[in-house]
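The values are calculated or read from the model by the stated rules, or taken from the named source; none is laboratory data. Bear in mind the structure is a predicted one, so any value in this text is a computation, not a measurement. Counting neighbours? That spans all protein chains shown, and the Cβs are built from the backbone with ideal geometry, glycine included.
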Amino acid sequence: MIPKIDLTLEDDVSIDETVFLARVINILTETVELAHLKFPKEAELSLVLAGDKTLQTLNQQWREKDKPTNVLSFPGEDIAVGEEAGMMLGDIVVSLETTKREAALENKTFEDHLSHLVIHGFLHLFGYDHETDEEAIQMEGLETKILNELGIANPYEDEQI
């Protein structure tokens, strides 16, 4: 079971919505199953694909960082890891410009990097975070497990926490 997905394209973003949504459904199915996430059957998720302009504005407004970023998540309500989420899970906003740039710099495919960012943003909606080393180990371990099930290489392989 996955939430109903409301996809919005901003900043003149162009993507094959049918192909992208099919990929997101597969990604979220694996994420929900492997992370044991719980939410009502009627739950909804807002997924926004935008450009750097929108992400920079949101990053400045909500995180006081005046630069674009790859993904931002806005939970629908305060939840703790392991608790059931509410009807509106929240919003995930991804910059396709930053995603493409990072994928090229990190020698990843755009699709694999975008998949990772969707998983990362989705887990944030359920209270997962990476502010401390312990949180990062837990969240990155779960992301790696999900990505492995999807046939995507570990994005943290060359990093040290």
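On the stretch given as the range 8-28, residues that are surrounded by 13 or more Cβ atoms within 10 Å (Cβ to Cβ) and either out of contact with any helix residue (DSSP H, G or I) (no Cβ under 6 Å at 6 or more places or on another chain) or within 17 Å of His113 (Cβ to Cβ) (or both) total 10. Filtered by the rule that a residue be surrounded by fewer than 16 Cβ atoms within 10 Å (Cβ to Cβ) and of a type outside the set (Ser, Thr, Tyr), the range 35-59 gives His36, Lys38, Pro40, Lys41, Glu42, Lys53. For the subset of the range 42-76 comprising residues that are in contact with a helix residue (DSSP H, G or I) (Cβ under 6 Å, 6 or more places away or on another chain) and not in a loop (DSSP other than H, G, I, E, B), which member is nearest to Gly90 (Cα to Cα)? Of everything passing the filter in the range 42-76, Pro75 is nearest to Gly90 (Cα to Cα). Among the residues making up the range 1-34, a single one is part of a helix (DSSP H, G or I), touching a residue at least 12 places away in the same chain (Cβ under 8 Å) and more than 14 Å from the chain's Cα centre (by Cα): Leu34.
Evaluate the range 127-142: report whether one residue or more is in contact (Cβ under 8 Å) with a residue 40 or more places away in the chain and aromatic (Phe, Trp, Tyr).
Yes, the range 127-142 has at least one match.
Going through (1) more than 16 Å from His116 (Cα to Cα); (2) surrounded by 16 or more Cβ atoms within 10 Å (Cβ to Cβ); (3) in contact with a Phe, Trp or Tyr (Cβ under 9 Å, 6 or more places away or on another chain) one by one, Trp62 falls short only on (2). Need the failing condition index for Glu30 against (1) closer than 25 Å to Lys145 by Cα; (2) charged (D, E, K, R); (3) touching a strand residue (DSSP E or B) at 6+ places or on another chain (Cβ under 9 Å), just the number. Status for Glu30: all satisfied but (3). When each of Glu111, Glu157 is tested for being assigned to a helix (DSSP H, G or I) and either at negative phi or modelled with pLDDT of 95 or more (or both), the lone residue that passes is Glu111.
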